[in-house]
Amino acid sequence: MRVATNEFDYLQERKYGDKSIIWGEMKKIKWVCVCMFAISLIFCGCTKQTTTKKSEKKAEKSDSRIDEVSDNHDLACLDNTIVFFTNKDVCFYDIETGNVVTDNLNTGYNVLEVSAGEQYFYVFLENIEEHYLRLYNQDGSLFQEMSVPFQRILVSDGTVYVYQDSDYEFSAFDCRIGNIEATHYLSEEEFLADIAADISDWNEAVSDWNEMSGEESLQIGTKIFYPYPADGFSHKIPFYCDDKQLTRIQQFYFTQYIDGELATPPDRAMTRNNLEQLQGMMKKKEKNFKTYASEVDGIMYGVCNVYKSQSLFLVSTMDTGDVDYSFSFFYNEDTDSLEKIEEYEGVELIYSDGKHVITHKVDGVYYIDQTTGQEDKVLDYADAIGVTVFDGLLQVRKNEHNADEGEEESDQKEDTVFVKRLWEE
């Protein structure tokens, strides 16, 4: 008897040995092939139909979506002038006339944050080696520029706050968050006097400032600051922050879940308790949603946008046209719980603090004054946006570059920036 050496030989061997066996084998193979062919046809048909419907749907709707929401110090207001920045310029917008004055940034410089003092705008920058502080007059003219050894510097209500670590090795410090983090403070008047005295060693000068230390909260003017320990990352030393709910806010600050899984960095993962409370405010246990949060007067406010799943195989694109419903909420410190404020159907929420609401629809951005109930359209735009809301100021970055273009070419394009004062603090 010949030994079968491969699958073909095996079938030949069975065929000549027993015709009934080979027929049974062939029938099995026949049905398997028929079934596989049928399944492939169904799958191809469904895929084609799904792709066609998806393409048609994509063609029908715009690319309206929210790419980012933040409360960073990306803009500030002094009287009737708003300062903000782009990748290339520091910009000064006159609210009354609509005129914009720009100051071009030197190559390699990046603006980290801006703030407004009693007389000047303070623009904090970095290059690959150092941090710099620029003081601008209200008309956009440069008053002073100097190198500073600070990791953060902001001015608020006549006081200058700095985060300063004399042993800190220069790197890109993560200061793009909407609070004040500081180790020292000084009145703006005294700070300007130091500038006039042409201080050569700011590390030595800071030693004479008011140090923020201890385990108790501090009140400076109308602001209350809370102690936080070093975190081993950007904060190598203890510091004070004016956000009382900083740890909790980090769990809701631009956090995204897709198909029930966290789709943003691990440090944004909610505790089980927070996630269950958030889901308890939903119509059901949703799997596709985004949250944004910020702190106003010591209270954490947040919004949650719930999106529809497109099909069994495709999760939600999380475009504005895909939003199912949304709701606003706040953290009640007395009961240690999240509480819903209001729910909206088919509307994407950007911001809510109990008095002011900013929403996003496929045709643009809207503002609702909850004290009067009046809704106004503030921006007519139907594509992707990035948004900053800070102290009643709105900044919308129209993300006009095409993501399908080459990265190098896309990075060279400058997005259009829209700014507006919605309410006064």
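The values are calculated or read from the model by the stated rules, or taken from the named source; none is laboratory data. Only a predicted model underlies this, so the values are computations on that prediction, with no experimental measurement involved. Neighbour counts are summed over all protein chains in view; Cβ atoms, including those assigned to glycine, are modelled from backbone coordinates with ideal geometry. For the accessible areas, the whole protein counts, side chains as well, though only heavy atoms, and no ligand, DNA or RNA atoms are used. Shrake-Rupley method; radii C 1.70, N 1.55, O 1.52, S 1.80 Å.
Worth a mention:
- Gain on full extension, evaluated as 0.36 nm per residue between residue 342 and residue 207 minus their Cα-Cα distance, stands at 43.7 nm.
- Calculated accessible area for the stretch 197-306 comes out at 54 Å² per residue, all protein chains present (probe 1.4 Å; ligands, DNA, RNA ignored).
- Karplus-based coupling profile of the stretch 361-378, in residue order and whole Hz: 10, 4, 9, x, 10, 10, 10, 10, 8, 6, 6, 10, x, 7, 10, 10, 7, 9, with θ = phi - 60° in 6.51 cos²θ - 1.76 cosθ + 1.60 and x standing for Gly or Pro.
- The fraction of accessible area contributed by carbon and sulfur in the stretch 92-207 is 40 percent, rounded to a whole number (1.4 Å probe; ligands and nucleic acids excluded).
- Karplus-derived 3J(HN,Hα) values for the stretch 206-212, using 6.51 cos²θ - 1.76 cosθ + 1.60 with θ = phi - 60°, are 5, 4, 9, 7, 7, 7, 9 Hz; glycine and proline are entered as x.
- Surface composition of the stretch 309-383: carbon and sulfur make up 48 percent of the accessible area, probe 1.4 Å.
- One decimal place: the segment residue 247-residue 199 gains 13.6 nm when fully extended, by the rule 0.36 nm per residue minus the C-alpha distance.
- Packing order of peptides 135-147, 240-252, highest average first: 240-252, 135-147 (average count of other Cβ atoms within 10 Å over each peptide's residues).
- Pairwise FRET efficiency - residue 398 versus residue 333, Cβ, R0 = 35 Å, nearest 0.05: 0.40
- Here the calculated FRET efficiency for residue 219 and residue 382, from their Cβ-Cβ distance with R0 = 56 Å, stands at 0.75, rounded to the nearest 0.05.
- The stretch 330-367-the stretch 61-128 distance, computed between alpha-carbon centres (Å): 26
- Label point distance in nm, residue 137-residue 262, each placed 7 Å from Cα along Cα→Cβ: 5.0
- Take each peptide in 104-117, 86-99, 194-207, count the other Cβ atoms within 10 Å of every residue, and average; sorted highest first, the result is 104-117, 86-99, 194-207.
- Highest mean packing first, where packing is the average number of other Cβ atoms within 10 Å per residue, the peptides 71-79, 209-217, 300-308 line up as 300-308, 71-79, 209-217.
- Cβ-Cβ FRET estimate between residue 372 and residue 99, R0 fixed at 30 Å, reported to 0.05: 0.50
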